[in-house]
Amino acid sequence: MSQDTSSDQFFKDSVLGHPAGLFVLFFTEMWERFSYYGMRALLVLFLTSSIAKGGWAWSVEDALGLYGTYTMSVYFTPVIGGFLADKYLGYRWAVILGALAMTLGHAAMAFETPLMLYIGIGCLIIGNGLFKPNMTSIISNAYEKHPEKKDGAYSLYYMGVNAGAFLGIMLCGYIGEKISWSWGFGLAGIFMFFGMLQFYFTQNIFGNIGLKPTAASKQESIDRAAEVKVPANIVRDRIIAVLIFSVFTVFFWAAFEQAGGSMTIFAEKFTQRELFGSSASMFKLADTLLTIVPLLIITYVLIKLFSKTFKKYSIGNLILSVSFIIIWAIVLWKVGREYAAVGTEVPATWFGILNSLFIVVFAPVFSKWWESRYNLSGPMKFGLGLTLLGAGFGFLAYGSMGIDADSVVRVSMFWLIAAYLFHTLGELCISPVGLSYVSKLVPAKWIGIMFGVYYLFIGMGNKIAGLMGGMIETITTQYSLSTFFLIFTLVPMGAGLLMVLLSPLMKKLMHGVK
């Protein structure tokens with residue numbers, strides 16, 4: 001069976017206007033992001049918390065240094081993971097082995113010893129390298145004959161990414177801060193294991209897409225690439241365009257990834273999180289709605305998937321069912337526990353769910369926008385995304401005015417909420433769109449490796465985020481906290497303006513790809 005036939009098979013059953021197989025990837029990626037963001041939400045807080053609170057009392061600079069190295073590494077290793085999948089493993093086995101390595105990594109971290117922490121982080125880095133580029137490569141291959149639907153497909157896939165991040169930050173963060181760090185880290189691993197099993201038992205829905213490469217399939221890829229007959233100069237120009245997009249992602253992620261570092265510290269030290277009386281009651285109601293409604297939406301997508309795939313892939317669907325039953329049980333326990341308390345202290349990690357919540361809410365809107373006649377070009381999307389990101393930090397720069405290193409002032413939660421909203425809108429203009437453009441601009445035989453290269457640039461941004469975030473105390477002491485956030489306001493806005501100015505050049509380099 002040829003790759004084209006597999007692509008047709010992938011499109012056979014439709015769920016919400018897209019193939020059912022896309023939503024298998026949706027839920028697999030959801031559990032992987034649950035594990036990643038659940039662990040990420042806890043890491044810096046755990047390392048910097050006092051011994052009395054069960055933490056390790058690291059300095060902010062050291063904790064964010066490790067955080068930056070970790071988040072950089074999980075984006076560097078996809079270069080190797082993409083190569084191994086393209087040449088030897090195939091996309092599917094790379095995903096399965098990556099998920100297994102990450103499961104073992106989370107299990108190791110639950111022991112809370114220095115050795116097991118570093119072993120766990122090492123497993124997570126290796127696993128992510130195998131997993132991340134090859135999930136997106138499966139989508140790229142599946143939509144090869146339907147390029148007009150790629151932006152929408154990646155936006156919906158990105159909704160799954162952030163559904164997992166939402167649940168992971170909410171549940172792992174809550175349990176880690178209020179119950180036990182070990183249970184928080186361990187919970188992330190449990191659902192990574194469920195995600196691996198669900199993908200393994202449902203993988204036949206992809207037809208021949210993502211199987212181990214054979215001599216015949218490699219020759220077929222060469223023949224298909226030759227059939228396209230794209231002139232060498234056009235291939236060169238399009239790869240240059242991908243590299244330019246990649247450079248601008250460094251600016252984006254260097255600022256955006258403050259969410260796991262300096263913004264979490266801002267939430268913990270300088271944001272008013274203790275609520276009583278009517279304020280506590282209002283928050284509990286809002287938190288319940290923010291928890292239950294998105295989970296209902298995701299459950300609805302799950303039911304739609306079941307209606308198309310349960311008969312053929314019953315084991316995978318049963319595993320997915322069990323994981324959702326457990327999630328609902330934990331959510332209802334959390335809600336009940338909070339309502340039983342007299343007051344409430346909003347966990348510092350709680351604000352991280354806002355990004356994921358806004359993604360779930362706005363991703364379908366952006367998906368429709370990108371498929372409409374009002375669609376923007378790729379460079380304009382990047383420019384808009386960077387500008388919105390900078391505007392989000394503008395709220396933090398204004399809200400933190402007057403706060404210095406010794407300040408005991410705690411400001412309204414509004415500033416963080418507004419920042420996360422604008423960061424999310426910016427992210428929707430860049431992250432899923434960037435993935436889509438890599439898949440559309442790069443020749444098919446280089447897809448896995450070029451996704452890895454794209455992630456390598458994101459990794460650079462993550463490392464810079466850790467280094468810059470670690471300077472929060474130094475800059476706040478010498479100047480002010482507002483100055484620290486102002487840097488992240490002006491730099492992304494400047495990069496966004498530059499991308500808009502480069503738009504005519506980028507259109508030439510892309511040679512008609514929209």
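Tabulated data for the structure shown
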read-out: Close pairs (9 angstrom Cβ cut-off, 6 or more residues apart or separate chains): on the phi > 0 side of the Ramachandran plot in segment 187-199, at pLDDT below 90 and open to solvent by 10 Å² or more (accessible area, probe 1.4 Å) anywhere; value: none
read-out: Cross-chain or 6+ apart pairs with Cβ under 9 Å, segment 348-374 first and under 30 Å from Phe270 (Cβ atoms), then outside any helix (DSSP H, G or I); value: Ala348/Thr271; Ala348/Arg273; Trp350/Arg273; Phe351/Thr271; Phe351/Met413
read-out: Residue in segment 345-359 that is touching a Phe, Trp or Tyr at 6+ places or on another chain (Cβ under 7 Å), closer than 25 Å to Leu275 by Cβ, among the polar types (S, T, N, Q) and open to solvent by 10 Å² or more (accessible area, probe 1.4 Å) present; value: yes
read-out: Out of Leu389, Leu428, sole residue that is in contact with a His (Cβ under 6 Å, 6 or more places away or on another chain), crowded, with 21+ Cβ neighbours inside 10 Å, among the hydrophobic types (A, V, I, L, M, F, W, C) and in a helix (DSSP H, G or I); value: Leu389
read-out: Only listed residue being within 23 Å of Val247 (Cα to Cα) and free of Cβ contacts under 8 Å to residues at least 40 places away in the same chain, chosen from Gly378, Gly392; value: Gly392
read-out: Tally, over segment 280-300, of residues that are surrounded by 11 or more Cβ atoms within 10 Å (Cβ to Cβ), within 16 Å of Glu345 (Cβ to Cβ) and either modelled with pLDDT under 85 or among the hydrophobic types (A, V, I, L, M, F, W, C) (or both); value: 3
read-out: Those residues of segment 87-108 which are open to solvent by 10 Å² or more (accessible area, probe 1.4 Å) and either farther than 20 Å from Trp31 by Cβ or within 18 Å of the chain's Cα centre (by Cα) (or both), in sequence order; value: Lys87, Tyr88, Leu89, Thr103
read-out: Selection count where residues are open to solvent by less than 30 Å² (accessible area, probe 1.4 Å), more than 11 Å from Phe382 (Cα to Cα) and either in a helix (DSSP H, G or I) or at pLDDT 90 or above (or both), scope segment 480-514; value: 9
read-out: Residue among Ser377, Ser372, Ser400, Ser412 that alone is closer than 22 Å to Phe485 by Cβ and open to solvent by 10 Å² or more (accessible area, probe 1.4 Å); value: Ser412
read-out: Residue within segment 453-460 that is more than 18 Å from Ser356 (Cβ to Cβ), touching a residue at least 12 places away in the same chain (Cβ under 8 Å), over 16 Å from the mean Cα position of the chain (by Cα) and crowded, with 24+ Cβ neighbours inside 10 Å present; value: no
read-out: Per-region count, segment 156-193, residues among the small types (Gly, Ala, Ser), over 13 Å from Glu29 (Cβ atoms) and open to solvent by less than 10 Å² (accessible area, probe 1.4 Å); value: 5
read-out: Test result for Thr476, at pLDDT 90 or above, polar (S, T, N, Q) and either farther than 30 Å from Glu274 by Cβ or in contact with a helix residue (DSSP H, G or I) (Cβ under 7 Å, 6 or more places away or on another chain) (or both); value: no
read-out: Subset of segment 205-225 that is surrounded by fewer than 13 Cβ atoms within 10 Å (Cβ to Cβ) and assigned to a helix (DSSP H, G or I) - its residue that is modelled with the highest pLDDT; value: Ala215
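Residue by residue, here is whether (1) in a helix (DSSP H, G or I); (2) more than 17 Å from Thr264 (Cα to Cα); (3) open to solvent by 40 Å² or more (accessible area, probe 1.4 Å); (4) of a type outside the set (Ser, Thr, Tyr) holds:
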| position | (1), (2), (3), (4) |
| --- | --- |
| Phe46 | yes, no, no, yes |
| Ser73 | yes, yes, no, no |
| Ile80 | yes, yes, yes, yes |
| Ala85 | yes, yes, no, yes |
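The values are calculated or read from the model by the stated rules, or taken from the named source; none is laboratory data. Keep in mind it's a predicted model, so treat the numbers as computed, not measured. Positions of Cβ are generated from backbone atoms using ideal geometry, with glycine treated the same way; all protein chains shown enter the neighbour counts. Just so you know, the surface numbers come from the protein's heavy atoms only, side chains and all, with ligands and any DNA or RNA stripped out. Shrake-Rupley method; radii C 1.70, N 1.55, O 1.52, S 1.80 Å.
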